[in-house]
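As structure tokens, the structure follows; a few thoughts come after it.
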Amino acid sequence: MFEIKALWSTIRPDLKQDLEKTEFIDIKLQEAFRAFDMGDNEVGRDALWDVYNSGIRTLC
């Protein structure tokens, strides 16, 4: 989780295109981290799958 947070905080300010997708990813990452912190691994995994399936590679 630490590595994902660090990487996202590094690249997030540089993303100027597709702000809707970027906001979606922000929300889903927060949801995933919150779920993992609460011990709900299934919800956390589902949120991360949503990020993966959102076409995150097209942001760069």
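Observations
- Counting the residues of region 24-60 that are open to solvent by 90 Å² or more (accessible area, probe 1.4 Å), part of a loop (DSSP other than H, G, I, E, B) and either at pLDDT 95 or above or on the phi > 0 side of the Ramachandran plot (or both) gives 1.
- Candidates in region 2-23 are the residues that are in a loop (DSSP other than H, G, I, E, B) and open to solvent by 100 Å² or more (accessible area, probe 1.4 Å); of these, the one that is nearest to Y52 (Cα to Cα) is Q17.
The values are calculated or read from the model by the stated rules, or taken from the named source; none is laboratory data. Since the structure is predicted, the reported quantities are computational estimates derived from the model, not experimental observations. Side chains included, ligands, DNA and RNA excluded: accessible areas come from the protein's heavy atoms. Shrake-Rupley method; radii C 1.70, N 1.55, O 1.52, S 1.80 Å.
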